[in-house]
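Values in this text are rule-based calculations from the coordinates and carry no lab data. Values in this document were obtained by computation on a predicted structure and should not be read as measured data. Every residue, glycine among them, receives a Cβ derived from its backbone with ideal geometry; neighbour counts consider all protein chains shown.
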Amino acid sequence: MLERPAILLSCEHGGNRVPGEYQGLFADAQPLLDSHRGYDIGILPLAQELARKLGAPLVASDVTRLLVDLNRSKGHPRLFSELTRHLPKPQREQLLHDHYLPYRKSVRHKLEKLVAGDGAVIHLSVHSFTPELDGRVREVDIGLLYDSRRPAEVEFCGLWREQLKAALPQLRIRRNLPYRGSSDGLVTDLRKDFTAQQYLGIELEVNQALPLSGGPRWQLVQRELVETLKELLE
């Protein structure tokens, strides 16, 4: 793994807020905003808790992904949703200028500062996913996503998975599920600009059934995510 890395947290889909100037586009879309399409349900409090307990910087957005998806590359077909992709080009460019680019620049700026000071950074991008998609139940509770071509990421996720399995034996801890860690995303873009010696990019994916259930079980999961990550970093 990277030697004595710093850590940076990000949360691209933390909320479903619609800025005032775009309220008209979402006048009849509240059910969609409240669904997994609108944001990553339950994940922002976890990202905030991880940042607090680890003493790590967090870059987070509470603006709905239906406006513009901060975790998609420019030009990706799902960068804009069905509610915004048909806007005139100047309005779409304004969305990028006001929301997408500032977020991306903030993450990159913090990474550059950490790399300059510590030499290496673990970037943990925190997400949640819907338990069922297109009629298919996802057999995953916690997913650790990484690029299999980067040995440090493979090692880190392997070790974290073993610790989580020991701490939470009732949960299904999977690697590169429910998505592949090399798929389009913020972490994937950043790997192009930082070497494997400087940058270890991991996406944490949590099944939304866990935060939605609440109670002692979710509290335990959050606590063990924090504690196992702290142990691994130490």
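Indicate the gyration tensor shape class of the chain (rounded, prolate or oblate), computed on the Cα atoms with a ≥ b ≥ c the square roots of the eigenvalues: a/c under 1.5 is rounded; otherwise a/b larger than b/c is prolate and the rest oblate. The shape class here is oblate.
Among the GluC sites (Glu not before Pro) in region 1-74, those placed in a DSSP loop whose Cβ has at most 12 other Cβ atoms within 10 Å are GLU3. Relative contact order for the chain: 26 percent, from Cα pairs under 8 Å spaced at least 6 residues apart, divided by residue count.
The trypsin sites (Lys or Arg not before Pro) of region 171-234 that DSSP puts in a loop, and whose beta carbon has at most 11 other beta carbons within 10 Å, are LYS192.
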